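Colleague: The following block contains the structure, expressed as structure tokens.
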Amino acid sequence: MTVHVRDHCLCLHVQRTARALARRFDTALKPVGLTNGQFSLLMSLNRPIAPGVPLATVGSVAHLLGMDRTTLTAAARVLYGRGLLTLEPEPEDRRSKILRLTLEGMRVLAAATPIWIREHARLEGELSDPPRLRRELAKLSVAS
């Protein structure tokens, strides 16, 4: 049975692949001092501050990134400590926090984005059907 699970378990295969992809993007983004998770967090905050644009609350960003709020808060505090984002109380609910990129965060994200684009293009070049893979993975992430 162990061999069967090893060879057939989709969860195991997705976890192994996710770890390999994380290492790949961590290595690529190292020159700008970011991990892949930090890049994703900063990118999720890369939005205009304008009427009608939802605020990046800890809850909304955690949902977008598929993380729990506690894990997101810990990750955000590291970036806050580096001066890449701010954590501000939400005006209507002071217990809730709003995340915003700082100018330095925008600068680091701008430096990281071309690296991500190059590495992502390489990755897609190694796959037979990236759009289909995204669709299939999206089905699984919606189901949870």
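Colleague: Please indicate, with yes or no, whether at least one residue in segment 58-71 is closer than 30 Å to Glu88 by Cβ, in contact with a Phe, Trp or Tyr (Cβ under 6 Å, 6 or more places away or on another chain) and either part of a helix (DSSP H, G or I) or not aliphatic (A, V, I, L, M) (or both).
Modeller: no
Colleague: Another question, if that's okay. Does segment 132-144 include one or more residues that are within 14 Å of Leu42 (Cβ to Cβ) and among the basic types (Lys, Arg)?
Modeller: Scanning segment 132-144 turns up no residue that is within 14 Å of Leu42 (Cβ to Cβ) and among the basic types (Lys, Arg).
Colleague: Restricting attention to segment 80-98, does a residue exist that is part of a helix (DSSP H, G or I) and of a type in the set (A, V, I, L, M)?
Modeller: no
Colleague: Taking the options Leu109, Leu137, name whichever one is modelled with pLDDT under 95, surrounded by 10 or more Cβ atoms within 10 Å (Cβ to Cβ), assigned to a helix (DSSP H, G or I) and not basic (Lys, Arg).
Modeller: Answer to the check: Leu137.
Colleague: Quick one: in segment 63-94, of everything that is at pLDDT 95 or above and in contact with a Lys or Arg (Cβ under 7 Å, 6 or more places away or on another chain), which residue is surrounded by the fewest Cβ atoms within 10 Å (Cβ to Cβ)?
Modeller: Thr86
Colleague: To continue, here is another question. Report the residue count in segment 53-62 for those that are at pLDDT below 90 and either surrounded by 18 or more Cβ atoms within 10 Å (Cβ to Cβ) or in contact with a Lys or Arg (Cβ under 7 Å, 6 or more places away or on another chain) (or both).
Modeller: Within segment 53-62, residues that are at pLDDT below 90 and either surrounded by 18 or more Cβ atoms within 10 Å (Cβ to Cβ) or in contact with a Lys or Arg (Cβ under 7 Å, 6 or more places away or on another chain) (or both) number 1.
Colleague: Restricting attention to segment 8-31, does a residue exist that is surrounded by fewer than 18 Cβ atoms within 10 Å (Cβ to Cβ), in contact with an Asp or Glu (Cβ under 7 Å, 6 or more places away or on another chain) and outside any helix (DSSP H, G or I)?
Modeller: No; the residues of segment 8-31 include none that is surrounded by fewer than 18 Cβ atoms within 10 Å (Cβ to Cβ), in contact with an Asp or Glu (Cβ under 7 Å, 6 or more places away or on another chain) and outside any helix (DSSP H, G or I).
Colleague: With the requirement that a residue be part of a loop (DSSP other than H, G, I, E, B), touching a strand residue (DSSP E or B) at 6+ places or on another chain (Cβ under 8 Å) and either modelled with pLDDT of 95 or more or not β-branched (Val, Ile, Thr) (or both), what does segment 32-52 give you?
Modeller: Residues satisfying the conditions are Leu45, Asn46.
Colleague: Here are some conditions: (1) more than 15 Å from the chain's Cα centre (by Cα); (2) surrounded by 15 or more Cβ atoms within 10 Å (Cβ to Cβ). Leu127 meets all but one. Which one does it not meet?
Modeller: (2)
Colleague: So, one more: If you take the residues in segment 89-115 that are of a type in the set (D, E, K, R) and in contact with a Leu (Cβ under 8 Å, 6 or more places away or on another chain), which one is nearest to Pro31 (Cα to Cα)?
Modeller: That would be Glu104.
The values are calculated or read from the model by the stated rules, or taken from the named source; none is laboratory data. What you see is a predicted model, and the numbers here were worked out from it, not measured in a lab. As a convention, Cβ positions derive from the backbone with ideal geometry for all residues, glycine included, and neighbour counts pool all protein chains shown.
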